[in-house]
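Enquirer: Pasting in a structure now, in structure tokens, and then I'll have a few things to ask.
The values are calculated or read from the model by the stated rules, or taken from the named source; none is laboratory data. Predicted model only: the values in this text are computed from it and were never measured. Every residue, glycine as well, gets a Cβ built from its backbone with ideal geometry; the counts of neighbours run over all protein chains shown.
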Amino acid sequence: MIMDKKKSLDELNIRMAQACACSLKEGATQAVPGEGNADAEILFIGEAPGKNEDLQGKPFIGAAGKFLSTMLASINLKREDIYITNVVKYRPPDNRDPLPEEIEACMPWLHEQIKIIRPKIIVTLGRHAMEHFIPGQKISEAHGQTFSRTFDDIGEQFFFSLYHPAAALYNGGMRKTLLDDFKKIPAVINDIKRGGTIGTK
């Protein structure tokens, strides 16, 4: 089953790297599809690849990625245990925010990844990831909370909102907020497994 998922995910990422219509592809070195465990319980979704990610084709490998690894360790997980990707698969020029049309162009790719992985929970990292799945929320109010949403193609999914790990690099106080929010994740997953919706909005 796990190998079937991995094969399906690998095939999807190869196919979509050729077929994705996102205009960011023109200026990027390569696609950054995502990496990790194809059978992960937790799917992390960030905003967009940065310079290092664009060069190496891997997500979250800079300073923000190191902090993500620290947060994972705080709940006894490694990067190999989770899957991580972004809402757009190509680096925006000068690391600007992805535009709505760029996010829309990459969204079929992301939704197909979700359908293959079938995570117990999707953790959104930052505002852009959150806004697609949990519209109408402010991240300053939604962080550390669980939401349930139903989509036509991916069905019902549980989402947990976090600030982007990069926020901690510029704001020391944000580091504690992120770590505190992150430590809620195991209890949220256990609740979902029991069929509960405690704290779900």
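Enquirer: Enumerate the pairs (first residue in the stretch 92-119 and over 18 Å from D54 (Cα atoms) and touching a residue at least 60 places away in the same chain (Cβ under 8 Å); second residue anywhere and part of a helix (DSSP H, G or I) and aliphatic (A, V, I, L, M)) with beta-carbon separation below 8 Å, excluding pairs fewer than 6 apart on the same chain, so at least 6 apart or on different chains.
Expert: P108/M16; E112/L12; E112/M16; Q113/L9; Q113/L12; I116/L9; I116/L12; I117/L9
Enquirer: So how many residues does the stretch 93-128 have that are part of a helix (DSSP H, G or I), surrounded by 14 or more Cβ atoms within 10 Å (Cβ to Cβ) and of a type in the set (D, E)?
Expert: So the answer is 3.
Enquirer: Continuing with the same structure: Can you name the condition, by its number, that E101 falls short on among (1) more than 16 Å from the chain's Cα centre (by Cα); (2) modelled with pLDDT under 95; (3) of a type in the set (D, E, K, R); (4) closer than 19 Å to E131 by Cβ?
Expert: Looking at each condition in turn, E101 falls short on (2).
Enquirer: Right, something else. Go through (1) surrounded by fewer than 22 Cβ atoms within 10 Å (Cβ to Cβ); (2) in contact with a Cys (Cβ under 7 Å, 6 or more places away or on another chain) for V87 and report which single condition fails.
Expert: Here V87 clears every test but (1).
Enquirer: Of the conditions (1) outside any helix (DSSP H, G or I); (2) touching a helix residue (DSSP H, G or I) at 6+ places or on another chain (Cβ under 8 Å), K58 fails just one. Which one is it?
Expert: Single failed check for K58: (2).
Enquirer: Go through the stretch 181-190 and give me each residue that's over 17 Å from T124 (Cβ atoms) and either hydrophobic (A, V, I, L, M, F, W, C) or free of Cβ contacts under 8 Å to residues at least 40 places away in the same chain (or both).
Expert: Matches in the stretch 181-190: A187, N190.
Enquirer: Among the residues of the stretch 162-179, are any assigned to a strand (DSSP E or B), touching a residue at least 40 places away in the same chain (Cβ under 8 Å) and not polar (S, T, N, Q)?
Expert: No.
Enquirer: Related question: From the residues in the stretch 135-147 that are under 16 Å from the mean Cα position of the chain (by Cα) and among the polar types (S, T, N, Q), which one is farthest from K176 (Cα to Cα)?
Expert: T146
Enquirer: Go through A63, A73, A40, A31 for me and flag whichever is under 24 Å from D180 (Cα atoms), of a type in the set (A, V, I, L, M) and buried (at least 19 other Cβ atoms within 10 Å of the Cβ).
Expert: A40
Enquirer: Let me ask you something else. So, in the stretch 1-29, of the ones that are touching a residue at least 60 places away in the same chain (Cβ under 8 Å) and not in a helix (DSSP H, G or I), which residue ends up farthest from T124 (Cα to Cα)?
Expert: The extreme case among them is T29.
Enquirer: How many of the residues in the stretch 171-190 are surrounded by fewer than 18 Cβ atoms within 10 Å (Cβ to Cβ), over 17 Å from S148 (Cα atoms) and not hydrophobic (A, V, I, L, M, F, W, C)?
Expert: Within the stretch 171-190, residues that are surrounded by fewer than 18 Cβ atoms within 10 Å (Cβ to Cβ), over 17 Å from S148 (Cα atoms) and not hydrophobic (A, V, I, L, M, F, W, C) number 8.
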